[in-house]
Amino acid sequence: MVAIAVLFAVYVFIYSGFVLWLASGFARVERFNSDKQDPKTTFSIVIPFRTEEKNLPALLESITRLEYPKESFELIFINDASEDFSENLINKWRMANGSFATTMIDNIRLSGSPKKDAISRAIPIAKGDFVITTDADCELPGRWLATFDAFIRSRNAEMVAGPVIYGGKNNFLDHFQRLDFLSLQGVTIGSFGLGKPFMCNGANFAYARSFFNEIGGFRGVDDFASGDDVMLLQKAVRRFPEKVAYLKSADAIVKTQPAKTWGELFNQRVRWASKAVGYDHLLAENLALVTFLANLFLVISAICTTTDFFDWRLPLVLFILKLIPDWIMLSKTNGFFRNSRIVFPVFASLCYPFFVSVVAIWAIIGRYRWKGRVFKK
């Protein structure tokens with residue numbers, strides 16, 4: 001019993017060390033402040049969508065507020081077999097906003113990933129120097145493109161990951177997701193600060209068209225249903241790490257919407273976790289394994305206290321050992337995003353190990369449903 005308790009404590013301690021290391025990396029990524037200047041970069045904004053009629057109005061309205069010359073960017077919408085009036089809504093917006101260069105095409109399924117297929121379909125017709133992807137349930141800040149343009153030119157970057165934050169309501173489900181997502185954003189920025197980037201979010205991700213083709217696009221990772229962002233980033237980092245950068249700027253934060261139900265959240269996180277088996281990055285692989293085991297051991301220790309196999313003090317110590325570095329990371333990340341005042345996440349942290357453990361196990365052995373489709377890992 002003592003040996004098992006020590007093993008559990010070791011893994012939680014290793015996890016805590018990883019988080020504190022990434023928190024130190026977070027501080028190394030400097031905030032970028034751009035001066036207003038004449039734009040040089042042309043962009044192709046690529047937006048795959050499937051049954052997003054309720055979310056598209058907010059995205060389209062934010063596009064009309066972009067502070068960037070209309071002749072310097074285009075919009076490419078890819079309809080992935082929507083089952084509502086999303087396409088009609090976009091067409092109606094196009095007629096009311098004819099000054100925007102807008103293209104709408106249908107997706108063609110060629111691989112196991114509808115979103116990678118959609119982006120690959122858009123690349124050949126894109127005219128911009130850079131492709132920048134976002135999602136149909138997002139809202140874009142006014143200086144989004146202007147900030148990317150200034151950053152690309154100042155850093156000579158060919159692939160740029162940008163910040164994403166959750167909106168949502170003031171309820172436990174949305175608070176839980178905001179805390180979870182803040183931690184993911186913190187890990188993302190921290191990995192860039194350590195010079196070992198392995199995460200990004202396709203809701204705010206830009207790359208030169210020529211660079212996308214140079215690294216072979218999604219070839220080799222197109223069998224995974226998810227990973228149009230992370231796996232592409234890892235391909236780029238393996239070959240040209242000096243050309244990949246993170247844009248840490250409040251003017252570039254894209255807001256997206258959290259899942260509406262626990263079932264939708266579970267399927268979303270299983271979808272994200274399922275791509276971990278396709279990682280080709282040592283830090284990403286080790287962190288995923290240690291995170292899973294640390295949370296699983298915390299759950300097992302808590303369950304075992306009900307049978308008197310462990311003393312109740314063991315899960316308490318493990319919980320505190322994990323909570324402190326998590327809180328440090330969350331505080332640093334929230335300080336940048338300034339999303340809201342976050343409540344000390346004790347209750348959410350109590351739920352989180354159970355949630356993560358079930359998601360990770362289900363991602364390995366089960367299936368998940370997303371946008372009306374059923375996928376295996």
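The values are calculated or read from the model by the stated rules, or taken from the named source; none is laboratory data. These figures come from a predicted structure and were not determined experimentally. Here the Cβ positions follow ideal geometry from the backbone for every residue, glycine too, while neighbour counts run over all protein chains shown.
Key figures for this structure:
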quantity	calculated
Every residue from the range 312-334 that is outside any helix (DSSP H, G or I) and of a type in the set (Asp, Glu)	none
One residue from 168, 216 being out of contact with any strand residue (DSSP E or B) (no Cβ under 8 Å at 6 or more places or on another chain) and closer than 17 Å to residue 259 by Cα	168
Top-ranked residue of the range 135-181 - restricted to ones that are small (Gly, Ala, Ser) and modelled with pLDDT of 90 or more, ranked as farthest from residue 32 (Cα to Cα)	136
Residue that is farthest from the chain's Cα centre (by Cα), among those in the range 186-201 that are aliphatic (A, V, I, L, M) and within 12 Å of residue 24 (Cβ to Cβ)	194
Residue identified as among the aromatic types (Phe, Trp, Tyr), assigned to a loop (DSSP other than H, G, I, E, B) and either under 17 Å from the mean Cα position of the chain (by Cα) or more than 18 Å from residue 267 (Cα to Cα) (or both) among 181, 218	218
Inter-residue pairs, beta-carbon under 6 Å, first closer than 17 Å to residue 214 by Cα and in the range 241-252, second polar (S, T, N, Q) and crowded, with 20+ Cβ neighbours inside 10 Å, 6+ apart	none
Boolean, residue 24 is farther than 30 Å from residue 284 by Cα, in contact (Cβ under 8 Å) with a residue 60 or more places away in the chain and hydroxyl-bearing (Ser, Thr, Tyr)	no
Residue match in the range 184-196 (condition: outside any helix (DSSP H, G or I), in contact with a Lys or Arg (Cβ under 8 Å, 6 or more places away or on another chain) and in the same structural domain as residue 232 (by TED's automatic domain parsing))	yes
Pair list, Cβ < 6 Å and 6+ apart or interchain, from the range 63-83 residues that are touching a residue at least 24 places away in the same chain (Cβ under 8 Å) to residues that are aromatic (Phe, Trp, Tyr) and surrounded by 20 or more Cβ atoms within 10 Å (Cβ to Cβ)	73/43
Filtered residue count, the range 44-56, keeping only those that are more than 13 Å from residue 105 (Cα to Cα) and modelled with pLDDT under 95	5
Counted residues, the range 73-91 - those being aromatic (Phe, Trp, Tyr) and surrounded by fewer than 19 Cβ atoms within 10 Å (Cβ to Cβ)	1
